[in-house]
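Participant: Before I ask anything, let me first share the structure, which is written out below as C-alpha cells.
What follows draws every value from the coordinates through simple rules; no lab data is involved. Because the structure is a prediction, the values reported are computed rather than measured. Quick reminder, even Gly has a Cβ in these numbers, built from the backbone with ideal geometry, and neighbours come from all protein chains shown.
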Amino acid sequence: MAGIRAASGGGREGRPVTRTRVDDTAIDTAAASAFVAEYGDRAMRLPPVAIVIAAFNEERDGAIGQVIETLPKTACGLDTAVIVVSDGSTDDTAAVARRHGALVCEVGVNRGQGAALRLGYRLARDGSAAYIITTDADGQYNPAEMERVLAPVLAGDADLVTGSRKLGSQETKDPVRRLGTWVFAVTISTLTGQHITDSSFGLRAMRAEVTAAVRLEQPQYQSSELLIGILTHGYRVTEVPATIHKRKVGHSKKGHNAIYGLKYAGVVLGTWWRERQRRVPGSGSAVSSEAGRGRGDRPTAPSAQTGEPFTRTTGAAANGSDPASAAVDGLATSEDR
C-alpha cells in the first residue's frame, strides 16, 4: 500500500510512540511519490482544474463511485481531473475510485480530512493545476454548482470562493447543526472583520497557489483553518449561494454534535490566535482582505519540496525593478507541519 503507516503501540520499555511532525511529513512525501510513480506524466501534467476529494471508507453502498460519476469533465470551459486521497481506508474506497476514473493517492494511516486535503492540494500544485475545487465524498454537494464557485476565481474577483448554505439552501433539519453553522460564521466574521455566513461548506474553489501560502496543520477540522488563514493574509474571499443535501449513502465521520462543536471551536480560536501573531513585517497588523490584491501584488508560494518561506512581492519587485523590496513573510508551507 502506498504511503507509510504511523507508528503505533509501544516503544522500548513499553512507552507509547507518538507521531511527530517528521512522521507526518514523511507520510505525505511517501504518498506523493507513490502517486507520481503510479500515474507518471498524468500526475505531473494535470489539466487546469483539479477536483480534490478526501475519502475514508466511502466504498459502502457505492458512495465514492456515485460521486465521481457525477463530477464534470469540464468546469467553466476548463478540463478537470479528479484526485481522491484515500485517508487510511480499510475498504475498497481506492479501488472503486480508480475504476470510476479518479487519480487515487493512498495513505496508509487515517489522519483526518484536513491532512488528506492538504496532501491533495500538494498533488494538485505539483501537477501544475492552476485551480482547485474541493467537494466531499458523500454526495452532499451539487456538482452542477462547481462552475458557480469557480467562476469568480477565474474572473480574478476572488482568490477563494466558498458555497454558503445560508445564502442557498440546506436539507438538514438538525437544529443544533444549524445553530452551530450560524455561531461559527458570526465568530469568524467578528475575529477576521469580514462578513462570513458559512465557515464549513465543503464545496470551494481557489487558486492553487494560495494553498501553499497559508499554514495548514489541522488533521481534521480544516475548513475554518483554511478560511481564517486566507483572510488573515489578505486574500479575497467570496461566498456564493449553494446547496447541501442530506447524505444519501454511508455515514458521517464528524461524530456527535457536541464533540464536533467543541473541536471545531478549538480550531477556530486556535487558528485565529496563531495567525494573529503572524503579522505582515513592518505593518503592525495583518493585511486587509477588504482591499484585495492586484495581479502584481500577490504572495509567491514556495516550492512544496523546499519548505522555503514564501515572499510577498509588490508590483515593482515582480517586474524586476526593485528586488530588494520583496519582504520575506516567514510563513511555512502547507507541508511544513
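Participant: Sticking with the crude label model, points 7 Å out along Cα→Cβ, report the distance from Val183 to Trp273 in nm, one decimal please.
Facilitator: Placing both labels 7 Å beyond Cα along the Cβ direction yields 1.8 nm.
Participant: Determine the percent antiparallel among the DSSP beta bridges restricted to region 12-276, to the nearest 5.
Facilitator: Just about 30 percent of them are antiparallel.
Participant: So how far apart, in nm, are the two label points at Asp157 and Met44 if each is 7 Å from Cα heading toward Cβ?
Facilitator: Taking the two extended label points, one gets 3.8 nm.
Participant: Here's another thing I want to ask about it. Mind listing the long-range amide H neighbours of Asp92? Cut-off is under 5 Å, sequence gap 5 or more, other chains count too, H placed in the peptide plane at 1.01 Å from N.
Facilitator: Hits under the 5 Å cutoff: Glu59.
Participant: While we're here: Semi-axes of the equivalent ellipsoid of region 12-276: what are they in whole Å, largest first, if each equals the square root of 5 times a C-alpha gyration tensor eigenvalue?
Facilitator: 25, 23, 20
Participant: With θ set to phi - 60° and the Karplus curve 6.51 cos²θ - 1.76 cosθ + 1.60, what are the ³J(HN,Hα) couplings of region 210-226 in order, to the nearest whole Hz, using x for Gly and Pro?
Facilitator: Here the 3J(HN,Hα) series is 5, 5, 9, 9, 10, 8, 10, 9, 6, x, 10, 7, 8, 4, 6, 5, 4 Hz.
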